[in-house]
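Report on the following structure.
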Amino acid sequence: MKSSLLFLLLLLPAGCLHASDQAIVDNCRAGGGLTVKACECVRSEMKASMNDYSYDAMVLLANGRDEEAGARLNGLTERDQVAVAGAMMTSYAVCGRSGGENAL
């Protein structure tokens, strides 16, 4: 019993740290007034156009974990930071213009 409780307590912090990419869709809807379909397209486009490290930084940022996201982004070269910003802006432009029909 004690070992089961200890195991659950060890898992609890890991579960609390989970960040979902659904927050990208939620933030897009709240801030941009785009449709759910368009915001799901934004998430898909961002995921497809960024490497996992950069995309994870966007997920952290969308989940309000600004310090962690900033640390990740600051670890990128200036060129890579510009590429991430460009990929994000392009995702919004493409998906906003198409109404989300480009969703992967």
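Among Gln22, Ala69, Gly96, whose Cα lies farthest out toward the positive end of the dipole of the stretch 19-98, if unit charges sit on the beta carbon of Lys, Arg (+1) and Asp, Glu (-1)?
Farthest towards the positive pole: Gly96.
If you average the sequence gap of Cα pairs under 8 Å that are 6 or more apart and divide by the length of the stretch 19-98, what percent do you get for the contact order? Provide the component values of the computation, followed by the final result.
Values: 69 pairs, mean separation 28.2, N = 80.
Relative contact order, the stretch 19-98: 35 percent.
Convert 20 °C to kelvin, take the viscosity as 1.002 mPa s, use the Kirkwood radius over C-alpha pairs of the stretch 19-98 as Rh, and evaluate the Stokes-Einstein diffusion coefficient in µm²/s, rounded to a whole number.
Answer from the Stokes-Einstein relation: 172 µm²/s.
Every number here is computed from the coordinates shown, using simple stated rules; none is lab data. Note that the structure is a prediction, hence the values are computed from the model and not measured. Neighbour counts are summed over all protein chains in view; Cβ atoms, including those assigned to glycine, are modelled from backbone coordinates with ideal geometry.
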